[in-house]
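Since the structure comes first, as structure tokens, the remarks are kept for the end.
The values are calculated or read from the model by the stated rules, or taken from the named source; none is laboratory data. If you're wondering where the values come from, they're calculated on a predicted model, not measured in any experiment. Here the Cβ positions follow ideal geometry from the backbone for every residue, glycine too, while neighbour counts run over all protein chains shown. When the accessible area is computed, the model is the full protein with side chains, heavy atoms only, and any ligands, DNA or RNA have been set aside. Shrake-Rupley method; radii C 1.70, N 1.55, O 1.52, S 1.80 Å.
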Amino acid sequence: MLDFAEWLATTQWSIALHESLYLYPWIESSHVLFICLFFGTLIFVDLRLTGKVFTNLSISRMNKGILPLTIVGFCLMSLTGLLLFYAIPVRNYQNIFFRIKIFLILLAGLNALFFHKRMSKEAKKWDTDSLIPNRMKVSAVASLFTWSLVIISGRLIAYNWFDCDRQPQSEWINFLTSCVVEYQLYEEIDGI
Amino acid sequence: MESNQIIELFYFFEDSFIGQYIRGSTWLFPIIESFHLLGLAVLGGSVVLGDFRLMGFILKTASTGYVVKQTRTWFKLGFCLLVLTGVPLFLSEAVKCYYSRAFWIKMICLVIGIAFTFLVRNPLVLKNQEGKLIPLLGFSSFSLWTVVAASGRWIGFS
């Protein structure tokens, strides 16, 4: 994986993105705006499931109206996110917050998968019963919680205080971030 | 107020206890900023839902007034979180903000945005739910808040 990231970093477009004065900030700003679109709309989908908002609208109507926006937000957010990763591949790959973020995205994805499987089967029932199973409410709260953590860890990527270049770090940090540390060098420096 | 008085005031903010405390910490600024971003998402979601309904893109079966009423509580909640986190962020780098064009654009649009939302958009929508100007209100509000969010992000680049 590290080899792949290192290869990505040598590609022409990655260098161009990394060095561009305006393109990188523009992509990052739009990433933030698409996060608002994605997570901002998802909040209301999840809050509807817990019965906190839009209780006059049925769940299926609410989802039909809002989820397309959430999906558009997700696609654009992912696209800009990939570009941001592509601009600085090695540093991101070895960034502990980036790794935590990817792990949390996978968790959030599994939760969404579980949720949609149940929803496609039972949404009509929920509409008429007006009683949402507790398991679905838990899933909605878990979605809000996990995505919030995704956003927090994502923001921390830019401030990585466990960067491979900032040595010495504890051994388990270097293990978790796959940092290749030339200890000998540091020992020599310590020796001086 | 003359400009040198303003800059003195900004130095005063930056020298404040909170400003110094945040600057002295490695992780405090990033953590506060993360929650600022969460607040932005809450506010952003309410703006998107409300304004897209006003423009007639989504939830057409619900009235515009209903959507505005359902989203405004969350708008206020997001706004509170933004102010609570935004003020300490500002205090930690007030002088940098003073020289940042993005900061001033954001603040001006923020004031206009708040006034527009609470004095124009919400009262007009609740009074006249299907008027011809309603989509225009949605468009104006959405544009204003987009500029606030984008220029806010831009402060970090300047």
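Checked against (1) modelled with pLDDT of 95 or more; (2) closer than 21 Å to B:PHE35 by Cα; (3) within 16 Å of the chain's Cα centre (by Cα), B:ALA149 passes all but a single condition, namely (1). I'd like to check something: does the range B:97-111 contain any residue that is touching a Lys or Arg at 6+ places or on another chain (Cβ under 9 Å), open to solvent by 40 Å² or more (accessible area, probe 1.4 Å), within 14 Å of chain A (Cβ to nearest Cβ) and within 24 Å of B:GLY19 (Cα to Cα)? No, the range B:97-111 has no match at all.
Of the helices (runs of 4 or more DSSP H) lying entirely inside the range B:1-105, those containing at least 3 residues that are charged (D, E, K, R) are B:28-54, B:64-92.
So which residues in the range A:114-148 are among the aromatic types (Phe, Trp, Tyr) and either surrounded by fewer than 18 Cβ atoms within 10 Å (Cβ to Cβ) or at positive phi (or both)? Steps first, answer last, please.
Narrowing the range A:114-148 to residues among the aromatic types (Phe, Trp, Tyr): A:114-115, A:126, A:145, A:147.
A:PHE114, A:PHE145 - these are the residues of the range A:114-148 that are among the aromatic types (Phe, Trp, Tyr) and either surrounded by fewer than 18 Cβ atoms within 10 Å (Cβ to Cβ) or at positive phi (or both).
Search the range A:17-42 for residues being part of a helix (DSSP H, G or I) and out of contact with any helix residue (DSSP H, G or I) (no Cβ under 8 Å at 6 or more places or on another chain), and hand back the single one that is modelled with the highest pLDDT. Let's see the steps before the verdict.
First, pick out the residues of the range A:17-42 that are part of a helix (DSSP H, G or I): A:17-19, A:23-42.
Then keep just the ones that are out of contact with any helix residue (DSSP H, G or I) (no Cβ under 8 Å at 6 or more places or on another chain); that gives A:19, A:26.
Working: A:GLU19: 85, A:TRP26: 91.
Among those that are part of a helix (DSSP H, G or I) and out of contact with any helix residue (DSSP H, G or I) (no Cβ under 8 Å at 6 or more places or on another chain), it is A:TRP26.
In the condition set (1) surrounded by 14 or more Cβ atoms within 10 Å (Cβ to Cβ); (2) modelled with pLDDT of 80 or more; (3) of a type outside the set (A, V, I, L, M, F, W, C), A:PRO168 is compliant with all but (1).
Yes or no, residue by residue, for (1) out of contact with any Cys (no Cβ under 9 Å at 6 or more places or on another chain); (2) under 28 Å from B:GLN70 (Cβ atoms); (3) open to solvent by 10 Å² or more (accessible area, probe 1.4 Å):
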{"position": "A:TRP13", "(1), (2), (3)": "yes, no, yes"}
{"position": "A:TYR22", "(1), (2), (3)": "yes, no, yes"}
{"position": "A:ILE27", "(1), (2), (3)": "yes, no, yes"}
{"position": "A:SER30", "(1), (2), (3)": "yes, yes, yes"}
{"position": "A:LEU33", "(1), (2), (3)": "yes, yes, yes"}
{"position": "A:LEU49", "(1), (2), (3)": "yes, yes, no"}
{"position": "A:LYS52", "(1), (2), (3)": "yes, yes, yes"}
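Across the range B:21-80, the qualifying residues are those that are farther than 17 Å from B:ILE114 by Cα, more than 10 Å from chain A (Cβ to nearest Cβ) and out of contact with any Leu (no Cβ under 8 Å at 6 or more places or on another chain), and the one among them that is most open to solvent (accessible area, probe 1.4 Å) is B:ARG23. Remark: pairs (first residue in the range A:13-31, more than 9 Å from chain B (Cβ to nearest Cβ); second residue modelled with pLDDT under 85; Cβ separation under 8 Å; 6+ apart in sequence or on different chains) are absent. Any chance the range A:77-88 includes a residue that's closer than 16 Å to A:TRP147 by Cβ, touching a helix residue (DSSP H, G or I) at 6+ places or on another chain (Cβ under 8 Å) and more than 9 Å from chain B (Cβ to nearest Cβ)? Within the range A:77-88 (the criterion being closer than 16 Å to A:TRP147 by Cβ, touching a helix residue (DSSP H, G or I) at 6+ places or on another chain (Cβ under 8 Å) and more than 9 Å from chain B (Cβ to nearest Cβ)), the answer is yes, since at least one residue qualifies.
Table: residues versus (1) touching a residue at least 12 places away in the same chain (Cβ under 8 Å); (2) closer than 21 Å to B:ALA41 by Cβ.
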| position | (1), (2) |
| --- | --- |
| A:VAL138 | no, no |
| A:VAL150 | yes, yes |
| A:SER153 | yes, yes |
| A:PHE162 | yes, no |
| A:GLN167 | yes, no |
| A:CYS179 | yes, no |
| A:GLU182 | no, no |
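Residue check: is A:ARG61 within 9 Å of chain B (Cβ to nearest Cβ), more than 20 Å from the chain's Cα centre (by Cα) and not aromatic (Phe, Trp, Tyr)? Spell out how you get there, then give the answer.
On the way: within 9 Å of chain B (Cβ to nearest Cβ): yes; more than 20 Å from the chain's Cα centre (by Cα): yes; not aromatic (Phe, Trp, Tyr): yes.
So A:ARG61 fits the description; yes.
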